[in-house]
Amino acid sequence: MGRMLNEYWTADRKWLEETHDYIQWMFPLPEPSQFNPHCPILNEENRQRCIWDDEVNDNLNRSFHVMHNFYGLPWVCRRKRMLTDEYDVMYDERVVTWFKPRNHNFLRLTRIRERSPV
């Protein structure tokens, strides 16, 4: 706790894999986290800000980029939306780390997807 968003963006993959209390800060949801009771909860006012505030939107996109890189997923930024339509050479290396049954990274992926403001 007590970290800044920029610290998550600059963390290496090992730290991102082994640390379990940051994803809730990068991608808040409307409901409390069962794993991190101190994380923010996204209310409707903040959700609207995520949609219309350029700084918040840029931060969210940067977080998307960091996590896409962590997973080795391809990404393209179009109109401030991340799309996965190109193959990333890191995918083959990264997928063996997280694509396993009951891996905690699946919860992270669903949080990222649920966090999409629109």
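Every read-out reported here was derived from the displayed coordinates using simple, explicitly stated rules and does not represent laboratory data. In this text, all values refer to a predicted model and were calculated from it rather than measured experimentally. Quick reminder, even Gly has a Cβ in these numbers, built from the backbone with ideal geometry, and neighbours come from all protein chains shown.
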Using θ = phi - 60° and the Karplus form 6.51 cos²θ - 1.76 cosθ + 1.60, what ³J(HN,Hα) does each residue of region 42-49 get, whole Hz, x for Gly and Pro? 7, 8, 5, 4, 5, 4, 5, 5
Given backbone amide H placed at 1.01 Å from N, residues whose amide H is under 5 Å from that of Leu29, ignoring those fewer than 5 places away on the same chain, are Leu42
Given 0.36 nm per residue, what is the gain on full extension from Asn36 to Glu55 after removing their alpha carbon distance, in nm? 4.3 nm
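Going highest first, how would you order 45-52, 104-111, 20-27 by mean Cβ packing within 10 Å? It would help to have the intermediate numbers written out before the result.
On the way: 45-52: 13.0, 104-111: 15.4, 20-27: 19.1.
So the peptides 45-52, 104-111, 20-27, ranked by packing, come out 20-27, 104-111, 45-52.
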